[in-house]
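Take a look at the structure set out below.
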Amino acid sequence: MDIEDLRTFVEVADAGGVSPGARRLGISKSIASRALARLEAELGVQLLARTTRGAALTEAGAVFREHAAKACAEIDQAREALQPEGELRGRLRIALPLTFGPTHFADQSPHLDGGTMARGCRENVGNS
């Protein structure tokens, strides 16, 4: 089971729909939908009842959401415990033109991978 699929499910459940949940996570609606479909397929149950106005938790989804949220929180705490004090950590999202990022911004920090930024991917700072 993928932790990012769990995080997506919790966020969509809390936001009340796939679109608002995807916006909170900074991902596309289709990526969020695929993550939810993988999770539901793996579990063999429908977690969300989707409508044109949003998504509501099914009975199974409500039970699973509580456990998924706790699992995500535990993993976050474990990662925090491994980080040295005072170190930068977390996800840093920066929107730059592809020509600007690798040539001007990437050299400013040894923790950022300019090649990843050039491909337009999200970059993680530290081990988060």
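Can you give me the Cα centroid spacing of region 35-70 and region 17-31 in angstrom? The distance from the Cα centre of region 35-70 to that of region 17-31 comes to 15 Å.
Evaluating 6.51 cos²θ - 1.76 cosθ + 1.60 at θ = phi - 60° for every residue in region 62-75, the Karplus couplings come out as 5, 5, 5, 4, 4, 5, 5, 5, 5, 5, 4, 5, 4, 5 Hz, glycine and proline recorded as x. Taking 7 Å steps out from each Cα toward its Cβ at residue 24 and residue 77 produces label points 2.0 nm apart.
Taking amide H positions as modeled 1.01 Å from N, with prolines and chain starts lacking one, the residues under 5 Å from residue 55 and 5 or more places away or on another chain are 17, 18. Dipole orientation for region 1-54: of the candidates 19, 3, 43, 19 has the Cα lying most toward the positive pole (charges on Cβ; Lys, Arg +1; Asp, Glu -1).
Ignoring ligands, DNA and RNA, please state the percent of accessible area on region 1-86 from carbon and sulfur, probe 1.4 Å. Of all accessible area on region 1-86, carbon and sulfur atoms account for 54 percent. Each label was represented as a point 7 Å from its Cα along the Cα-to-Cβ direction; for residue 95 and residue 34 these points are 2.2 nm apart.
The values are calculated or read from the model by the stated rules, or taken from the named source; none is laboratory data. Here the structure is a predicted model, which means the values were calculated and not measured. Glycine gets a Cβ as well: all are built from the backbone with ideal geometry, and neighbour counts include every protein chain shown. Side chains are part of the model used for accessible areas, which takes the heavy atoms of the whole protein and leaves out ligands, DNA and RNA. Shrake-Rupley method; radii C 1.70, N 1.55, O 1.52, S 1.80 Å.
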